[in-house]
Amino acid sequence: MNRIYLLLALFAFSFSGVAQRLGYVDTQAILNAIPEYKQAQAEIQRLSQKWEGEVASLFEDASALQAQLDAEAVLLTPEMIAERNTTIQNTRDTARSRQMRYFSPDGTLFLKREEMVAPVQALVAGAIKEVARKKKLDFVFDKGSSVSVVYANESNDITQDVLQQLGY
């Protein structure tokens, strides 16, 4: 058992002597500095608002039809009530269908975001890789993502270098 601990200790110490060069970058700051990214985000926001309005309008139509049915129900025959309920249900189904078509993980908005943003993100990733190679960094962390950085020496921030590599 002691040999296992000894081997683990030797293994751990053998890597501690190797210096690792680290850098960090704020990809969100880089993306926000790129006009194409800003345009893509604005277009995605515009489409999202347009489609949200369309879906909300259909749900409001269904609610208005339901309110009208509730007000007139005493005057209608059972067949007329059933017909209106079918219309209301069809309107709600159409709203849900469009909501899924636009906003689901495989929806139009997600696909549009991928189409417009992915090329810019690939460009940034390539620039980060190139700067990291030039600076001979072993690791680069993204402080703009969910990965947290407890301490970061400002001299390791390569955000401006990446922007320069991209021409911004």
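The values are calculated or read from the model by the stated rules, or taken from the named source; none is laboratory data. Computed from a predicted structure; not experimentally measured. Glycine gets a Cβ as well: all are built from the backbone with ideal geometry, and neighbour counts include every protein chain shown.
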>> Within region 156-163, does at least one residue satisfy the condition of being assigned to a loop (DSSP other than H, G, I, E, B), of a type in the set (V, I, T) and closer than 30 Å to A19 by Cα?
In response: yes
>> Please go through region 135-158 and give me each residue that is at pLDDT 85 or above and either out of contact with any strand residue (DSSP E or B) (no Cβ under 8 Å at 6 or more places or on another chain) or exposed (fewer than 11 other Cβ atoms within 10 Å of the Cβ) (or both), ordered by number.
In response: K136
> Can you tell me which of A62, A125, A132 is in a helix (DSSP H, G or I), of a type in the set (A, V, I, L, M) and surrounded by fewer than 16 Cβ atoms within 10 Å (Cβ to Cβ)?
Replying inline: A125
> In region 24-52, how many are out of contact with any Leu (no Cβ under 9 Å at 6 or more places or on another chain), part of a helix (DSSP H, G or I) and surrounded by 16 or more Cβ atoms within 10 Å (Cβ to Cβ)?
Replying inline: 3
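Listed here are the residues, each with its yes/no results for (1) more than 17 Å from the chain's Cα centre (by Cα); (2) at pLDDT below 95; (3) under 30 Å from Y24 (Cα atoms).
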position: A82; (1), (2), (3): yes, no, no
position: Q89; (1), (2), (3): yes, no, no
position: R101; (1), (2), (3): yes, no, no
position: L111; (1), (2), (3): no, no, yes
position: A122; (1), (2), (3): no, yes, yes
> Yes or no: L76 at pLDDT 95 or above and not polar (S, T, N, Q)?
Replying inline: no
